[in-house]
Structures are given as C-alpha cells and as structure tokens.
Amino acid sequence: MSESTEETLDVPVAALRPSLEAVLMVADQPLDAVTLATAVGHPVEDVVAGLEEWRTWVVRVEGRLVGSVRARTTVTERGEVWEIGRLMVAPDLRGRGLGRVLLEHAEQAAPGSATAYRLVTGARSEANLRRYKRAGYRVVEVQDGPAGPAVLVKRISAR
C-alpha cells in the first residue's frame, strides 16, 4: 500500500465538543484496515477489499477514529453514479454535524462525469432516512421487502 495523504477537513471544533481542542483530518486511502474494521464492526478481509475498491476518508480527533465515509464510481444504464457508503460517526459525537460534513465531503469528491449520488441505508432507519432526505436524497427502492435496505438517490445539478 502507498503512503496515506491527508488534508484538513474544515469542521468547527465547537460542532463536535465545546471544549475539544483538536485538529480534524481526512485521510485518503490506504487506511489501517484493522482500525477501520474494529470501528465499523466488519471482518478485516472485507475492509481491505473495500479499501481497494472505494475511496475512503476518515476523521480523527487526537488520533481517535471518530468518523468515516467512502465512495466510488459505478456505471449504470443511466450513466456514472457516485456511490457513497459506510458513513459512520462515533456514537458520542452524533448529532453535532460531523455526518453532514462527511456526506458533503464525499459528494464534493465525485468526478465531473457522475450524474447522481447513490447510497443505501436500512428502510427502518428513520433517523438516517430523515437526514438523507434533508440533504436532498429520495428513496427510489426498498430491496428485499419492507425491512430491507433502502436505496436513495440525489441527482447532481450542474457544477
């Protein structure tokens, strides 16, 4: 694996924790797969495979992994779609805007050829569905019955 590159993600520290004095970083892959696998609760082999297929960003606060998101281009009959996945925020930092910042960061990284963003969440994950709908996504499909994963899409307007 090659060296990880990092860029500062402009997240107001106050949005995370009022007294937190931290620098927030977003790191392009490669990433320590064991750390990420532990954080998201998936087998290391799956995480390693995902890092090869997806562009992955993480947010660390004082070395602690507190958020991540990944994205990749997929080709559909309607053109290129920027697929966003594994959006994760540490439980103690939820509700403070970090998930929104990660989603916006992933959206901004989409190639100019992409015509839409696509993501999947649980059909019964009401809080996630509300957040994604507020961000402009709409449910286009619920797979495997009413309890299955919901596919959401947001068209990319002219940039």
> How would you order 113-119, 67-73, 131-137 from highest to lowest mean count of nearby Cβ atoms within 10 Å?
Replying inline: 67-73, 113-119, 131-137
> Distance in nm between label sites at GLU53 and THR74, each 7 Å beyond Cα in the beta-carbon direction?
Replying inline: 0.9
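Would you mind ranking TRP82, TRP54 so that the residue whose beta carbon has the fewest other beta carbons within 10 Å leads the list? Don't skip to the answer; put the middle values down first.
Working: TRP82 23, TRP54 18.
Ranked by crowding around the Cβ, least crowded first: TRP54, TRP82.
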> Each label point is 7 Å from the Cα along the Cα-to-Cβ direction; what then is the distance between the points at ALA90 and ALA127, in nm?
Replying inline: 1.7
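Taken together, the values in this text are just the output of simple stated rules run on the coordinates, not laboratory data. All values reported here derive from a predicted model rather than from experimental measurement. A quick note on method: Cβ atoms are made from the backbone with ideal geometry, for glycine too, and the neighbour counts reach across all protein chains shown.
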